Amino acid sequence: MLGPRFSVVIAAYRARDTVVRAAESALSQTLPPHEVIVVDDASPDDQLDVLARYGDRIRLVRRGVNGGEAAAKNSGVHAATGDWVVLLDADDYWSPGRLAAMAALLAEQSELGIVTTDAWIERDGERLRRYYRGPTGARWADGDQRAEILQRNFVFPHPAVRREVWLAAGGMDESRRDCGADWPLWVRLIYTGQLAGLVDEPLAHYALTSGSLSDSATLLTRTRQAAMQACLDQPDASPQERLTAEQNLAASERSLRRIEALMDVWDGRRRRRRLLAIAADGAYRKRHRAEAALAAVSPALARRRMTMSPNEVVRG
């Protein structure tokens with residue numbers, strides 16, 4: 001029986017300085033990919049010119065209009081001819097044995113529809129930690145994947161997905177550019193019966209990018225909202241699953257209000273009424289209510305003590 005034919009899809013926008021490394025890591029796999037596709041999302045730079053030397057080893061797909069992450073990845077999947085598509089962000093790269101390791105897992109567990117690996121999280125070339133290890137790392141879903149995908153996005157962002165499954169689910173939602181595109185899709189796939197599998201080896205390298213705290217926290221919160229809505233849209237979601245999704249939606253709304261209020265304080269704009277409303281709302285955690293009360297009374301002290309991370313912000 002033939003093994004999986006992996007089509008690697010690299011969506012790129014303003015990625016001239018990193019896309020070569022990403023493409024090289026795909027082409028250098030010990031199990032050669034069926035094809036490597038780079039999707040240019042109408043980038044204003046010359047990122048595709050730096051790939052010209054690879055000739056027909058790389059298929060180039062040019063989008064006429066910038067559509068964002070979801071549209072670029074969908075374009076790559078539609079152009080693919082393999083039976084599996086593997087996502088690779090243009091600023092990340094893989095170790096040489098990643099495709100081979102995922103193929104080995106699929107040989108053992110042919111029922112899987114999504115496969116990924118652990119990864120090294122890096123900043124400026126320095127390894128910080130493994131994606132699924134450490135106190136601040138993600139956790140793989142060891143139990144009920146339908147339940148756990150509502151609590152967190154446990155699928156590392158470079159998964160292999162059966163192409164026919166991706167297409168049947170409609171791919172990533174291109175209408176929402178205010179949130180991450182992957183989590184809602186994984187919800188839809190898992191809720192239509194797809195199982196996800198993990199190779200517990202750090203075979204990808206994921207680069208942290210700089211960005212404002214408010215932007216990161218807002219993105220993560222809106223992505224959670226989109227994922228919960230994806231659950232509510234599933235006709236076979238159980239009453240308990242719907243209740244969990246609705247509760248998470250409500251918590252996300254509270255998180256957005258809190259992020260907005262705290263960022264106002266950080267930027268020197270004190271909106272005392274909004275902060276006092278959060279401080280008096282019993283739906284927030286005690287420490288978050290105390291944080292809002294402090295910001296209302298003493299914004300200068302609150303700014304000095306503001307050491308939150310995006311993950312801490314969105315817990316609501």
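What follows draws every value from the coordinates through simple rules; no lab data is involved. Everything numeric here is computed off the predicted structure, so don't read it as measured data. Glycine also receives a Cβ, built like all others from the backbone with ideal geometry; neighbour counts cover every protein chain displayed.
A few comments on the model shown:
- Estimated at 0.36 nm per residue, the fully extended path between Ala290 and Ala42 surpasses their Cα-Cα distance by 84.7 nm.
- Along the stretch 245-256 the Karplus relation, 6.51 cos²θ - 1.76 cosθ + 1.60 evaluated at θ = phi - 60°, assigns HN-Hα couplings of 4, 5, 5, 5, 4, 5, 5, 5, 4, 5, 4, 4 Hz to successive residues, with x for each Gly and Pro.
- Between Leu208 and Arg242, the FRET efficiency from the beta-carbon distance, with R0 = 51 Å, is close to 0.90.
- Relative exposure of Glu35, Glu122, judged by other C-beta atoms within 10 Å (fewest first): Glu122, Glu35
- For the pair the stretch 77-91 and the stretch 15-34, the centres of their Cα atoms are 12 angstrom apart.
- When Asp92, Asp56 are sorted by how many other C-beta atoms sit within 10 angstrom of their C-beta, beginning with the fewest, the order is Asp56, Asp92.
- Neighbourhood charge, 9 Å Cβ-Cβ cut-off, centred on Val36 and excluding it, Lys, Arg +1 and Asp, Glu -1: +1
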